[in-house]
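For reference, the structure discussed in these notes is given below.
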Amino acid sequence: MGMFRNLRAEEIDCRVAQITKDGSLMLLLYKDARVDQKLLDEKFGVFGWQRTHELIGGNLYCTVSVKNPDTGEWISKQDVGTKSATEEEKGQASDSFKRACFNLGIGRELYTAPTIWVRNGDYKANEKGGTYDKFQVSDIGYDKEGNINKLSIKNVKLNKVVFTYGIEHVEGEVVKKEKKEVIPGYPARDKMLEVAKKHYPEGSEVLNILLQATGAEKIDDLTEEQLGAIYNKYGGR
């Protein structure tokens, strides 16, 4: 466990990462800068942390420093931001701040989330091939190591739960599953990995999105649950 508590459901946002040709929609979980500020204030107080920005090689970096309340020692973490599609400078500043806070440990548990697929029919597509539907985390749980072991995603516009992990719905009630498997009795890891590599070929954009969503460095690093979700999605094809 890190020095920050795990994020609550209402502190986590969802964004659409991809919509496949068959209409399946992939979601990513993320936090915004206000959540980072809230947790920093909560842990260290308004006088116990600070942020600075600087240009290095034409890129905007953010350094977030926190003060150890016992020793008075300052500890800093730095990261670079990416450009925003709308407000370039503001977007880089916000992104670099959020990334630096990830380095401190805020929201790092989001990297343990399963691959989130929403089926065609559980959202309404727009004329541009995307969707205007809004999704939110309605429930989330963590194991003793701080890894996500329970997750529920709701389509706000349809007022419908469209994704569950570690929980299931029975007659409108949410109950915990006894097993952690994404699909009971799924095959050996090498078989699931074969299916994953077939649908997420090396160097492809869809693989980059998958790795970003899971926090893995390469497809071989995916967990059994993440590989099981992919195997289940494509029916072992």
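The values are calculated or read from the model by the stated rules, or taken from the named source; none is laboratory data. Please read all numbers here as calculations on a predicted model, not as lab measurements. All Cβ positions, glycine included, derive from the backbone under ideal geometry; neighbour counts span all protein chains shown.
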Checklist entry - Quick check: is even one residue across segment 60-75 under 22 Å from Val137 (Cα atoms) and either exposed (fewer than 13 other Cβ atoms within 10 Å of the Cβ) or in contact with a Cys (Cβ under 9 Å, 6 or more places away or on another chain) (or both)? => result no
Checklist entry - Can you find a residue in segment 53-60 that is outside any strand (DSSP E or B) and at negative phi? => result no
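Every residue, every condition in (1) hydroxyl-bearing (Ser, Thr, Tyr); (2) outside the structural domain of Lys43 (by TED's automatic domain parsing); (3) within 20 Å of the chain's Cα centre (by Cα), yes or no:
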{"site": "Gly91", "(1), (2), (3)": "no, no, yes"}
{"site": "Phe97", "(1), (2), (3)": "no, no, yes"}
{"site": "Cys101", "(1), (2), (3)": "no, no, yes"}
{"site": "Thr115", "(1), (2), (3)": "yes, yes, yes"}
{"site": "Val118", "(1), (2), (3)": "no, yes, yes"}
{"site": "Tyr123", "(1), (2), (3)": "yes, yes, yes"}
{"site": "Glu127", "(1), (2), (3)": "no, yes, no"}
{"site": "Phe135", "(1), (2), (3)": "no, yes, yes"}
{"site": "Asp139", "(1), (2), (3)": "no, yes, yes"}
Next on the checklist: With part of a strand (DSSP E or B) and not polar (S, T, N, Q) as the only criterion, which of Val16, Val46 stands out?
Outcome noted: Val16
Next on the checklist: Among the residues of segment 67-83, are any part of a strand (DSSP E or B) and under 30 Å from Tyr123 (Cβ atoms)?
Outcome noted: no
Next on the checklist: Return the residues of segment 124-136 that are under 14 Å from Lys160 (Cβ atoms), part of a strand (DSSP E or B) and not polar (S, T, N, Q); say none if nothing qualifies.
Outcome noted: Phe135
Checklist outcome for this item: Scanning segment 21-43 residue by residue, those assigned to a loop (DSSP other than H, G, I, E, B) and within 19 Å of the chain's Cα centre (by Cα) turn out to be Ser24, Lys31, Asp32
Next on the checklist: Anything in segment 137-167 that is in a strand (DSSP E or B) and more than 30 Å from Phe4 (Cβ to Cβ)? List them, or say none.
Outcome noted: Lys160
Checklist entry - If we keep just the residues of segment 202-237 that are of a type in the set (Gly, Ala, Ser) and not in a helix (DSSP H, G or I), which is farthest from Tyr165 (Cα to Cα)? => result Gly203
